[in-house]
Amino acid sequence: AGANRQLSATPRMITLGRDPLQRSYSSYQYNYVTPTIETMKKGKVRHIPKNLTTDAEYKEYLLTFEEMIKAELEQLRKCLGYWRSEDNVFVPGFGANATKMHWK
């Protein structure tokens, strides 16, 4: 009983990791592709033909994974800032907290 008390008194942390690229692609499929196709199938997206029958036909109207990543990175640069390597300077973003954050 005494040994169990000693072990349980010591905090433990268990972490699980996942390949960031696999996690991003899974999020892209789950949070963008699937719900957007479902919305298109219901006719709730303008300029999408009504006679499409397969998911592959709907996917032609979606951003690719690469296009989505580029758009996300651009948005992050605008909000958070980015490192400009040519003159070794951090350029702060335009997000609401940009003036409150310490960039050094």
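Bear in mind that the values in this text are calculations on the coordinates, not laboratory data. Note that the structure is a prediction, hence the values are computed from the model and not measured. Neighbour counts run over all protein chains shown; Cβ positions are idealised from the backbone, glycine included.
For the range 36-74, how many residues meet the condition of being of a type in the set (S, T, N, Q), under 30 Å from residue 91 (Cβ atoms) and either surrounded by 12 or more Cβ atoms within 10 Å (Cβ to Cβ) or more than 16 Å from the chain's Cα centre (by Cα) (or both)?
Initially, the range 36-74 is screened for residues of a type in the set (S, T, N, Q), giving 36, 39, 51, 53-54, 64.
Add one more test, that the residue is under 30 Å from residue 91 (Cβ atoms), and what stays is 64.
When the remaining residues are screened for being either surrounded by 12 or more Cβ atoms within 10 Å (Cβ to Cβ) or more than 16 Å from the chain's Cα centre (by Cα) (or both), the result is none.
Of the residues in the range 36-74, 0 are of a type in the set (S, T, N, Q), under 30 Å from residue 91 (Cβ atoms) and either surrounded by 12 or more Cβ atoms within 10 Å (Cβ to Cβ) or more than 16 Å from the chain's Cα centre (by Cα) (or both).
Looking at the range 17-33 only, could you name the residues that are in contact with a helix residue (DSSP H, G or I) (Cβ under 9 Å, 6 or more places away or on another chain), farther than 13 Å from residue 61 by Cα and surrounded by 10 or more Cβ atoms within 10 Å (Cβ to Cβ)?
Selection gives 24, 25, 28, 29.
Return only the number of the condition from (1) farther than 30 Å from residue 91 by Cβ; (2) in contact with a Pro (Cβ under 9 Å, 6 or more places away or on another chain) that residue 80 does not satisfy.
(1)
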